[in-house]
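Only one structure is covered here, and it is reproduced in the block below.
The values are calculated or read from the model by the stated rules, or taken from the named source; none is laboratory data. Values in this document were obtained by computation on a predicted structure and should not be read as measured data. Positions of Cβ are backbone-derived with ideal geometry, glycine not excepted, and every protein chain shown enters the neighbour counts. Side chains are part of the model used for accessible areas, which takes the heavy atoms of the whole protein and leaves out ligands, DNA and RNA. Shrake-Rupley method; radii C 1.70, N 1.55, O 1.52, S 1.80 Å.
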Amino acid sequence: MEKTMPKKTSLYQKHTEAQANIIDFHGWLLPVNYPAGILNEAKQTRTTAGIFDLSHMGEIEIKGQDSLAFLQKIVTNDVSCMEKGEVQYNMACNPEGGIIDDFMTYRKEDSFLCVVNASNIKNVYHWFDKNRGNLSLEIEDKSDDFSLIALQGPLSEKILKEAGFKTVQDLVYMHFIEGKADGISCLLSRTGYTGDDGFEIYVENKHACELWDLFLERGKKHDLHLCGLGARDILRLEMGYPLYGNDITSETNPIEASLGWAVKPEAKDFIGKEKILEVLKEGIKRKRTGFIMKDRGFPRTGYEIYSGESQLTGNVTSGAFSPNLEKFIGACYVKKEHSVPRTKIFVKIRDKLYEAEVVNFPFLKPRTKKEA
Amino acid sequence: MAKEGLLFTKTHEWAKVEGDTAIVGITDHAQHQLGDIVFVELPKAGDNVKQSESFGTIESTKAASDLYSPFSGQVLEANPELLSNPALVNQDPYEKGWMIKIKMSSREEAKNLLDATAYDSLLKEEQH
């Protein structure tokens with residue numbers, strides 16, 4: 001079977017011109033880093049600001065009379081609580097309570113927008129379609145229509161304001177507005193995957209380059225840095241945010257994944273609810289938690305974890321060197337009894353055991369702007 | 001352009017021969033390919049190493065790689081700076097980023113290594 005050619009975002013040429021190190025990420029050619037390097041990019045985002053091309057993400061729109069009822073049936077969080085202009089973190093589960101994807105849900109004027117992981121666009125679309133029943137609604141995959149630029153870091157608000165987003169200071173975390181800046185229509189949300197103050201801007205593909213250049217221009221004096229997927233991965237891990245495929249999969253349920261806060265079984269019925277209630281009743285056997293290396297070693301995904309008594313207790317799901325903490329950190333699943341903070345665990349790296357300590361997420365304090 | 005006066009392995013390590021001693025590190029090409037280096041695992045003084053065999057590991061944000069010795073012999077010293085500052089390998093791969101010093105057991109092993117010109121040719125080939 002012929003391998004399909006990887007796709008390019010509208011900003012691809014900008015990345016090659018900036019001498020980015022490009023990789024094939026789930027069928028998309030994207031920068032893993034620019035010449036500054038992954039560690040510098042991750043550090044700079046939290047010092048000044050970083051700009052990211054996230055156009056590979058999926059956008060699925062749900063429209064029609066029964067959209068709310070449909071989403072309530074599919075997702076774990078209570079979508080009926082959402083006001084227009086609000087963004088909510090959600091998961092879709094299978095009947096076994098396993099996570100199909102995690103995504104952000106946007107409540108627009110006449111529709112809902114689900115921003116899903118690039119690796120799962122087709123899966124989520126098919127899951128939605130399969131479960132629509134007789135409900136009156138339209139499900140549209142609009143991923144190819146949108147480019148997505150993220151601006152994250154303490155100076156991101158200032159840069160956006162100078163780029164023409166005049167009311168940006170009134171926008172609060174997990175909310176969005178639709179409007180025009182410099183004549184370009186876009187959706188601006190105060191959201192991100194870094195835990196720092198930041199924004200995600202959805203724009204039509206034909207305006208992506210213009211907007212990218214505008215941000216870089218205005219961001220120059222604020223030391224805005226180009227950032228790739230490598231830095232993005234470090235930043236989200238520093239906050240303990242899960243990465244689908246690593247930390248959460250169809251084999252993990254939200255409760256053991258420490259995502260129970262986004263599950264509302266008391267509010268409504270949804271696919272996977274029965275299984276999740278069972279888990280809540282019986283208790284979890286393993287838990288997703290964070291850890292910091294005490295011995296110097298790089299905990300990579302898949303490495304085994306042993307408890308103090310040298311018994312296999314779990315494995316690393318994500319690991320990185322955090323330039324903001326100057327330590328090796330990671331996320332893992334371990335047996336529930338070993339998931340208590342300060343528990344001593346050992347990561348097996350090339351047949352030797354290296355000591356680590358369990359810590360709760362986040363590793364760094366979030367700086368998202370919750371109030372105007 | 002590869003540095004003159006050094007010998008190279010096909011696995012992108014360099015060796016600087018000074019009498020009986022060889023100082024060893026990785027080339028600029030290697031550090032560039034690896035990206036940000038976060039960890040270097042080196043042998044201790046007194047350990048034995050063999051030509052073309054692994055003497056340690058180098059880890060970048062992306063992956064872990066073995067380090068292969070250009071010469072056989074006994075390790076005299078491992079660079080202590082790399083423990084706390086592995087980024088030296090990215091910043092200064094031929095000087096401050098040196099990794100180990102070996103007391104060579106056989107200088108003739110040099111014939112198995114590449115000179116600067118041959119290493120440059122290897123790099124050009126690898127680009128295709």
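Being open to solvent by less than 30 Å² (accessible area, probe 1.4 Å) and among the hydroxyl-bearing types (Ser, Thr, Tyr) is the filter here; which residues of the range A:233-263 pass it?
Across the range A:233-263, the qualifying residue is only A:Thr252.
Quick one: in the range A:313-328, which of the residues that are open to solvent by 30 Å² or more (accessible area, probe 1.4 Å) and away from chain B (no Cβ under 12 Å) is nearest to A:Lys294 (Cα to Cα)?
Here the residue is A:Leu325.
Just the residues that are surrounded by 16 or more Cβ atoms within 10 Å (Cβ to Cβ) and either hydroxyl-bearing (Ser, Thr, Tyr) or not in a helix (DSSP H, G or I) (or both), please, taken from the range B:106-128.
Answer for the range B:106-128, where residues must be surrounded by 16 or more Cβ atoms within 10 Å (Cβ to Cβ) and either hydroxyl-bearing (Ser, Thr, Tyr) or not in a helix (DSSP H, G or I) (or both): B:Leu113, B:Leu114, B:Tyr119.
Those residues that are more than 11 Å from the chain's Cα centre (by Cα) and open to solvent by less than 40 Å² (accessible area, probe 1.4 Å), I need them from the range B:7-45; list them, please.
Scanning the range B:7-45 gives B:Thr21, B:Leu34, B:Gly35, B:Asp36, B:Ile37, B:Val38, B:Phe39, B:Val40, B:Pro43.
Quick one: A:Arg300 ticks every box in (1) among the charged types (D, E, K, R); (2) touching a Gly at 6+ places or on another chain (Cβ under 7 Å); (3) open to solvent by 50 Å² or more (accessible area, probe 1.4 Å) bar one, so which box is it?
(3)
Can you tell me which of (1) within 14 Å of another protein chain (Cβ to nearest Cβ); (2) modelled with pLDDT of 95 or more; (3) closer than 23 Å to B:Ala118 by Cβ; (4) crowded, with 19+ Cβ neighbours inside 10 Å is the one B:Ser54 doesn't meet?
(4)
Please specify each residue of the range A:112-139 satisfying the condition of being surrounded by 14 or more Cβ atoms within 10 Å (Cβ to Cβ) and over 19 Å from A:Cys93 (Cβ atoms).
Scanning the range A:112-139 gives A:Leu113, A:Ala118, A:Leu137.
Out of curiosity, is B:Lys3 surrounded by fewer than 19 Cβ atoms within 10 Å (Cβ to Cβ), at pLDDT 95 or above and among the basic types (Lys, Arg)?
Answer is no for this residue.
Taking the range A:232-289 only, how many residues are basic (Lys, Arg) and in a helix (DSSP H, G or I)?
Here the count works out to 5.
Among the residues of the range B:57-79, are any outside any loop (DSSP other than H, G, I, E, B), open to solvent by 50 Å² or more (accessible area, probe 1.4 Å) and among the acidic types (Asp, Glu)?
Within the range B:57-79, one or more residues are outside any loop (DSSP other than H, G, I, E, B), open to solvent by 50 Å² or more (accessible area, probe 1.4 Å) and among the acidic types (Asp, Glu).
Just checking, which of A:Leu29, A:Leu54 is touching a Pro at 6+ places or on another chain (Cβ under 7 Å) and either closer than 17 Å to A:Leu151 by Cβ or away from chain B (no Cβ under 14 Å) (or both)?
When all the criteria are applied, what remains is A:Leu29.
Looking for something within 14 Å of another protein chain (Cβ to nearest Cβ), touching a residue at least 60 places away in the same chain (Cβ under 8 Å) and either in a strand (DSSP E or B) or crowded, with 19+ Cβ neighbours inside 10 Å (or both) - is there at least one such residue anywhere in the range A:81-104?
no
Does A:Ile201 satisfy the criteria of being in contact (Cβ under 8 Å) with a residue 40 or more places away in the chain, more than 27 Å from A:Val124 (Cα to Cα), assigned to a strand (DSSP E or B) and open to solvent by less than 50 Å² (accessible area, probe 1.4 Å)?
no
State yes or no: is A:Gly230 of a type in the set (Gly, Ala, Ser), within 14 Å of another protein chain (Cβ to nearest Cβ) and open to solvent by less than 30 Å² (accessible area, probe 1.4 Å)?
Answer is yes for this residue.
Is one or more of the residues making up the range A:166-189 under 22 Å from A:Leu11 (Cα atoms), outside any strand (DSSP E or B) and modelled with pLDDT of 95 or more?
No.
When you look at A:Phe165, is it farther than 30 Å from A:Gln44 by Cβ, among the aromatic types (Phe, Trp, Tyr) and either open to solvent by less than 10 Å² (accessible area, probe 1.4 Å) or in contact with a strand residue (DSSP E or B) (Cβ under 7 Å, 6 or more places away or on another chain) (or both), yes or no?
Working: farther than 30 Å from A:Gln44 by Cβ: no; among the aromatic types (Phe, Trp, Tyr): yes; either open to solvent by less than 10 Å² (accessible area, probe 1.4 Å) or in contact with a strand residue (DSSP E or B) (Cβ under 7 Å, 6 or more places away or on another chain) (or both): yes.
Judged against the criteria, A:Phe165 is not a match.
Looking only at the range A:249-295, count how many residues are within 15 Å of A:Glu96 (Cα to Cα) and in contact with a Lys or Arg (Cβ under 8 Å, 6 or more places away or on another chain).
The qualifying residues number 9.
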